[in-house]
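I have placed the structure first, in the form of structure tokens, so that the comments after it can refer back to it.
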Amino acid sequence: MNRKKKINQALKAKKKKMNSKLHKSNKPRYISKAEREKLAAIEGQEEAQQCE
């Protein structure tokens, strides 16, 4: 019984890994708070230059 269970667990794990590779996440990439502040500062500078 244990051998059978171990084999089935291995096969299920392998199948799960393959499925996860097929379905990519639609979640956006994480951007840190510091990174967001840098991007906002750059955009602010660009807008200021365009207004001149």
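Only the coordinates and a few stated rules stand behind these numbers; no lab work does. All of these numbers come straight from a predicted model, not from anything done at the bench. Neighbour counts are summed over all protein chains in view; Cβ atoms, including those assigned to glycine, are modelled from backbone coordinates with ideal geometry.
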If I take R0 = 35 Å and measure r between the Cβ atoms of N2 and R29 in this structure, what FRET efficiency does the formula 1/(1 + (r/R0)^6) give, to the nearest 0.05? 0.25
Note, ³J(HN,Hα) from phi for the range 19-34, Karplus 6.51, -1.76, 1.60, rounded to Hz, x at Gly and Pro: 5, 5, 6, 6, 9, 7, 7, 8, 5, x, 5, 6, 10, 5, 4, 4
